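Engineer: Structure below; questions to follow.
The values are calculated or read from the model by the stated rules, or taken from the named source; none is laboratory data. Keep in mind that this is a model prediction, so the values were computed, not measured. Here the Cβ positions follow ideal geometry from the backbone for every residue, glycine too, while neighbour counts run over all protein chains shown.
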């Protein structure tokens, strides 16, 4: 369907997305609170916070390329090695 997108985020990308979403929602919440208080309308506060939530969702939920710049280097697969199990001694 959308083969052009890389559907993975690395750990640093996840941390960046989390930090970015917290900053955006906190910023919009603060601005919404101040604007809502200035015009004495709580609905303005909710609308501004909702806009911040939508913006944060659009920037952090999809796996944008900026979130996958530090891929993990996995170890190569080892061949199967037979390891015998320890036998239990009867007491």
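Engineer: Just to be sure, is residue 20 within 12 Å of the chain's Cα centre (by Cα), surrounded by 12 or more Cβ atoms within 10 Å (Cβ to Cβ) and at pLDDT 95 or above?
Structural biologist: Values: within 12 Å of the chain's Cα centre (by Cα): yes; surrounded by 12 or more Cβ atoms within 10 Å (Cβ to Cβ): yes; at pLDDT 95 or above: yes.
For residue 20, the condition - within 12 Å of the chain's Cα centre (by Cα), surrounded by 12 or more Cβ atoms within 10 Å (Cβ to Cβ) and at pLDDT 95 or above - is met.
Engineer: Among the residues of region 57-74, which ones are modelled with pLDDT under 90 and outside any helix (DSSP H, G or I)? If you could, list the steps in order and put the result at the bottom.
Structural biologist: Filtering region 57-74 for residues modelled with pLDDT under 90 gives 62-74.
Within region 57-74, 62, 63, 64, 68, 69, 70, 71, 72, 73, 74 qualify.
Engineer: Specify the residue that is modelled with the highest pLDDT; the eligible residues are those in region 3-17 that are surrounded by 14 or more Cβ atoms within 10 Å (Cβ to Cβ) and either out of contact with any helix residue (DSSP H, G or I) (no Cβ under 9 Å at 6 or more places or on another chain) or assigned to a loop (DSSP other than H, G, I, E, B) (or both).
Structural biologist: The residue in question is 10.
Engineer: Within region 32-45, how many residues turn out to be under 17 Å from residue 22 (Cα atoms) and exposed (fewer than 15 other Cβ atoms within 10 Å of the Cβ)?
Structural biologist: Counting residues in region 32-45 that are under 17 Å from residue 22 (Cα atoms) and exposed (fewer than 15 other Cβ atoms within 10 Å of the Cβ) gives 0.
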